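The block underneath contains the structure these notes are about, expressed in structure tokens.
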Amino acid sequence: MRLIAANWKMNKTVSETREYIEKFLRLIGEPEDREVLICPPFTSLYVAGEMLKGSSVKLGAQNCHFERKGAFTGEVSLPMLREVGCSYVIVGHSERRHIFGETDDLINRKLVACLEEGIRPILCVGEKLEDREAGMTFKVVETQIRIALSGIEHLTDRIDIAYEPVWAIGTGVPASPEDAVEVHRFIREILRDINPKAEGGTRILYGGSVNPENAPEFMKHQEIEGLLVGGASLDPESFAKIVNSF
Ligand code: PGA
């Protein structure tokens with residue numbers, strides 16, 4: 001099933017979350033042929049989890065720590081996320097990499113921890129503008145994936161991957177669906193190489209300036225198995241349109 005995910009980033013208080021989810025659930029009904037995921041900030045997870053109980057919409061976090069508990073001021077662990085109802089975590093988002101200095105090795109530790117906890121990670125990868133201009137897109141994406149998956153190569157089917165070119169995130173300039181498809185095919189090849197026994201299982205999503213108008217253009221392509229939506233997911237009507245756009 002294709003996955004349409006909302007990444008709210010650092011947006012929405014608890015009361016705004018309540019208002020959004022109430023509206024959103026009314027707008028989308030119970031879609032059966034696609035999976036829908038909302039990733040609010042940590043403070044909204046509990047209330048969102050309570051409201052989503054009994055619906056088919058899943059709950060995810062935007063980040064996690066790799067240790068289960070301990071002296072890690074300001075961090076949130078996977079058991080904590082699980083108890084509020086998270087079944088997904090976004091790992092290695094480009095804002096985590098480039099604003100907060102997350103490395104491929106740290107991302108790998110987080111993925112390992114997610115798999116141990118039974119929470120499905122969405123690994124984000126993608127090149128910066130200078131990488132693309134230097135013809136390094138494939139190299140950068142391949143390195144990110146290989147390091148992130150090291151030691152868990154046999155478990156790739158428990159992970160989804162979001163291809164998010166950094167230059168397309170929050171800029172209003174998405175990748176063309178054709179460029180995205182090219183990278184998605186390349187990622188699929190790497191996955192086959194890493195885990196030849198896996199029978200699919202990993203969905204490859206596109207993210208970066210997706211909106212209700214361009215979503216159907218991406219979803220026309222079978223290689224694009226879902227979307228990770230930032231800005232356009234902040235309004236329930238706009239996100240519901242994206243969910244129902246294909
Ligand atoms: P955007 O963000 O849709 O606002 O470009 C996507 C993301 O960062 O996941």
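Any chance segment 114-121 includes a residue that's modelled with pLDDT of 95 or more and more than 30 Å from L25 (Cα to Cα)?
So far as segment 114-121 goes, yes, one or more of its residues are modelled with pLDDT of 95 or more and more than 30 Å from L25 (Cα to Cα).
For segment 189-242, give me each residue that is of a type in the set (K, R) and within 18 Å of the chain's Cα centre (by Cα).
R203
Search segment 79-102 for residues that are within 18 Å of Y163 (Cα to Cα) and modelled with pLDDT of 95 or more and pair each with any residue that is of a type in the set (D, E) and within 13 Å of the ligand (Cβ to nearest atom) when their beta-carbon atoms are under 7 Å apart and the residues are at least 6 apart or on different chains.
Between residues of segment 79-102 that are within 18 Å of Y163 (Cα to Cα) and modelled with pLDDT of 95 or more and residues that are of a type in the set (D, E) and within 13 Å of the ligand (Cβ to nearest atom), the close pairs are S94/E164.
Have a look at I194, I169, I147, I159 and point out the one that is more than 15 Å from the ligand (Cβ to nearest atom), of a type outside the set (D, E) and crowded, with 19+ Cβ neighbours inside 10 Å.
I159
For segment 156-178, state whether one or more residues are without any contact (Cβ under 8 Å) to a residue 24 or more places away in the chain and among the aliphatic types (A, V, I, L, M).
No, segment 156-178 has no match at all.
Scan segment 202-212 and tell me whether some residue there is part of a helix (DSSP H, G or I), of a type in the set (S, T, N, Q) and either within 18 Å of G126 (Cα to Cα) or near the ligand (Cβ under 10 Å from one of its atoms) (or both).
There is no residue in segment 202-212 that is part of a helix (DSSP H, G or I), of a type in the set (S, T, N, Q) and either within 18 Å of G126 (Cα to Cα) or near the ligand (Cβ under 10 Å from one of its atoms) (or both).
Scanning segment 30-81 for residues that are β-branched (V, I, T) and in a helix (DSSP H, G or I), which turns out nearest to N11 (Cα to Cα)?
The extreme case among them is T43.
Among the numbered conditions (1) more than 18 Å from G207 (Cα to Cα); (2) buried (at least 20 other Cβ atoms within 10 Å of the Cβ); (3) of a type in the set (S, T, N, Q), tell me where S94 comes up short.
The single condition S94 does not satisfy is (1).
The values are calculated or read from the model by the stated rules, or taken from the named source; none is laboratory data. These numbers were taken from a predicted model, which means no experiment stands behind them. No Cβ is skipped: glycine too gets one built from the backbone with ideal geometry, and neighbour counts run over all protein chains shown.
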